[in-house]
Each structure stands twice: as C-alpha cells, then as structure tokens.
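Note sheet for the following structure.
Any read-out appearing in this document is the output of simple, stated calculations on the displayed coordinates, not a laboratory observation. Quantities reported herein were computed from a predicted structural model and do not represent experimental measurements. Note that we place each Cβ from the backbone using ideal geometry, even for glycine, and neighbour counts take in every protein chain shown.
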Amino acid sequence: METINIGYGHMALGFLLLIIPTYFLYRYRTGLVKDTLWAALRMTVQLFFIGFYLEYLFLWDSVWINLLWVLFMIVIASSTVLKRTKLPLKMLFMAVSVAFLVSLLIIDLYFLGLVVRPEKIFTARYFIPISGMILGNMLSANVIALNSFYGSLNRERQLYLYLLGNGASPGESLAPFMREALIKSFNPTIASMAVMGLIALPGTMTGQILGGSSPSVAIKYQILLMIAIFASSLISVLLTLWISRRKSFDRYGMMLF
C-alpha cells in the first residue's frame, strides 16, 4: 500500500488549523502568539531541512557520519535541556551530555543489537530514527526532572540544610528531592503507557501503518520502543542528577548557584 503524498497546497490547508489556537492565545492575552508562530515556522524549516539531509544520510549510510549526526543531536538536546531549565550551561553541559551519550549508547546497542538485529547496528535506517525518538523523550524527562530537583531545593532549602545539619550525608539529604524528581518525571510516561492503544494510537505505530507496514509489525515495534524509551529516559535522568550533583555542590553540600 502506497502512502498518500500530501501536496504543498494541502499542507497550507493544514496550517490553517493554527488559526484556532492562535486566536484563543491572543484573546486571553497569553503573550504566546508570537512564540507559537515562530515555533511552527522553525519546526517546518527544520523538518524540511532534516528530511532533505536524511535522504543523503540514508544514501551514504556511513557509520562515522551516522555517529557524528547522533552526537550533534546530543549536543543540541543537552543545550536545550539547560536552556529550558535555566540552569548554568557551562557548569552542567558536560553532565547532561555524558548522561545522554551513555544512556543512548547502552539502549541503542541493546535494542538494535539484540532485539531488532539489522545487518549493521549503525545503519542509518534504524540507528538515526530510533536514536532521535529516544533522545526526544530523554530531553522531556530531563527537563521535568531537573526543574523539579533544583526547584524543590530552592523552595525547601531549609529542609535540606536541616537534614545536612543533623548528620545526614549530602547524598542522603538530597534523596527526597531526587525521589520527587523521578516521580514527577515518569508519572506522565507511566500513565501514557497504561492507556496506549485505548485512548490514542502512538506515533511510531501510526507512522509505520501509514508507511505500509502491517499493524502486527507496527505494534511490536511500538511496544518495544516504548520500553526502550522508558529505560533510556530513566537511566539518563539518574545519570544527569548524579553527575550534576557533583558539579552543583561543594564538598560541604552547599549549592554553588
């Protein structure tokens, strides 16, 4: 079954849907109209550029080019996390980047090497889109976790200092804040997994079905990808929190920013 190609005129019709949210954002004076239109424009330009680039990436299918592209995605994802959380870029960039790189490497090697098993693990057709999906979800999870962790520390600094002053180690004093960060970060993912297929068809499955794959094949990919995404997100959040702690506190447990 061939996927229906959407013409540019029909794409323009699709963009008209933006009128509805833009109108209400303007009516309620949210100040988000400009951001919405700019985000839609950026998304369009970036995706067209990536689509054009990926055609050549798939054609060349060079291991080194594929790895460099994923490293580039990690750099962008790491800087985006810190920008969204308003945390110091210079201080924590390496912490987030290392966490993303290690998590992605572990899950990609396991998922592609043992589960999907393509002829070449780093072939562009599987390595690039799967890494992109995993990174996108890791980004969201880390933004929530870091916002919660450092936000809670700022709001409840007295509790942290109380625990520290009563003999708890820095790790023990930070444990409640890490627990809260994990709960806030992964509650939405767990809720989404629990109702997947009942409320909405997930993106990977929908994309594969539209691309001509049988629903049974698409379902298997979606289930396993969700598990891979959940595992990688959890690993990356833990690594980010552990590594960033070393950069954010002095040896006495005092926060440096």
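Give the shape of the chain as rounded, prolate or oblate, defined through the alpha-carbon gyration tensor: a ≥ b ≥ c are the square roots of its eigenvalues, a/c under 1.5 means rounded, and otherwise the shape is prolate if a/b is larger than b/c and oblate if not.
prolate
Quick one: Ser216, Ser97, Ser140, fewest Cβ neighbours within 10 Å first, how do they rank?
The most exposed by this proxy come first: Ser216, Ser140, Ser97.
Could you calculate the FRET efficiency of Ile65 with Leu109 from 1/(1 + (r/R0)^6), where r is the beta carbon distance between them and R0 is 22 Å, rounded to 0.05?
The value I calculate is 0.75.
Whole Å is fine, so just give me how far the alpha carbon centre of the range 196-253 lies from that of the range 5-29.
Their Cα centres are 29 Å away from one another.
Filter the chain for me: DSSP H helices, axial length by Cα at least 20 angstrom, mean Kyte-Doolittle hydropathy not below -1.0. List them by residue number.
Span-like helices in the chain: 33-60, 63-85, 89-110, 124-155, 170-195, 215-248.
On full extension of the chain, what length is gained from Met91 through Glu156, given 0.36 nm per residue of separation minus the C-alpha to C-alpha distance?
21.2 nm
Apply the a/c threshold of 1.5 to the C-alpha gyration tensor of the range 1-60 and tell me whether it is rounded, prolate or oblate.
oblate
When a/c is below 1.5 the answer is rounded, else prolate if a/b is larger than b/c, else oblate, so apply that to the range 139-257 with a ≥ b ≥ c taken from the square roots of the Cα gyration tensor eigenvalues.
Here the range 139-257 falls in the prolate category.
Report, in whole Å, the centroid distance computed from the Cα atoms of the range 84-140 and the range 155-181.
Result: 31 Å between the Cα centres.
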